[in-house]
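Read the structure below first, then the notes.
The values are calculated or read from the model by the stated rules, or taken from the named source; none is laboratory data. Owing to the predicted nature of the structure, the values given are computational and were not obtained by experimental measurement. In this analysis, Cβ positions are derived from the backbone assuming ideal geometry, glycine residues included, and neighbour counts consider all displayed protein chains. The protein model used for the area step is the full one, side chains on, heavy atoms only, and it has no ligands, DNA or RNA in it. Shrake-Rupley method; radii C 1.70, N 1.55, O 1.52, S 1.80 Å.
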Amino acid sequence: MLVAAAALAATLASPLAAPARADHADGARTDLPAGRTAVSYVVRPGDTATGLAVRFHAWTDELVALNHLGRDGRLTVGQRLVVPVVDARRGTTGSEDARGAPGRRHPDPGRERVRRAVADAARRHGVDPHLALAVAWQESGWQMDVVSDAHAVGAMQVLPSTARWMEGYAGRPLRLHRLRDNAAAGTLLLRVLARETDRRRHVVAAYYQGLGAVRAHGLYAETRTYVRNVEAIRRRLEEGRPPA
């Protein structure tokens, strides 16, 4: 398993600022797994083990084990880590591939294209890629040619009115039938909802039910089922398993 849940929740032990840099670690490491290159990194505020693994194209459990971070993967600002970067020429089969897109590669080229686009958009907009991918799978099965009875469009099942709202955050027009724009609209919506609620399950619920309805009525029964499904998919993706 590449992304452990404990590492995903890892937080910093100190709020103090510190310089950060990444370079090739001095000397050859003999304790690295095969197909890895050692990169040295100094922990900055806000870093997590999982975030660093995604950024450097490494496996989270390897990073945690190599640096003896413990069960919770806790980092300390100023701490120097050795990041075991996966050699892209060898490829991987786990939850973070050689290009850093989380989730196991999908054998269907169309769905694989959606997976990469959603993961890229999530990283670009500061959203957990596994969460965005889980929402996209629950909504469309990572397919772009899906339009709902309510006229929600594409992989992220975004309404045209929502897309117009998200254009203000994107700073450009969003055409929902284009994969890149669809992924941007959906991940931007997740980011906006995350700012309006402090609970991930409410972010997911609001994506499905609407933020106003969640605030006014709580979660409908069908919304609770939707949230459970998305959380289950997210966990599978974090563990390097297929979404379904």
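With the stretch 147-226 as the region, which helices (runs of 4 or more DSSP H) entirely inside it contain at least 2 residues that are charged (D, E, K, R), in contact (Cβ under 8 Å) with a residue 12 or more places away in the chain and surrounded by fewer than 16 Cβ atoms within 10 Å (Cβ to Cβ)?
Those helices (runs of 4 or more DSSP H) span 179-196.
Residues are listed down the side, and each one gets a yes or a no for (1) open to solvent by less than 40 Å² (accessible area, probe 1.4 Å); (2) touching a helix residue (DSSP H, G or I) at 6+ places or on another chain (Cβ under 9 Å); (3) within 24 Å of residue 127 (Cβ to Cβ):
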residue: 49; (1), (2), (3): yes, yes, yes
residue: 52; (1), (2), (3): yes, yes, yes
residue: 57; (1), (2), (3): no, no, yes
residue: 65; (1), (2), (3): no, no, no
residue: 68; (1), (2), (3): no, no, no
residue: 73; (1), (2), (3): yes, yes, yes
residue: 84; (1), (2), (3): yes, yes, no
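Give the residue that is nearest to residue 185 (Cα to Cα), with candidates limited to residues of the stretch 122-143 that are more than 9 Å from the chain's Cα centre (by Cα) and surrounded by fewer than 22 Cβ atoms within 10 Å (Cβ to Cβ).
Per the stated criteria, the residue is 125.
Can you report the number of residues in the stretch 227-244 which are surrounded by 14 or more Cβ atoms within 10 Å (Cβ to Cβ) and assigned to a loop (DSSP other than H, G, I, E, B)?
4
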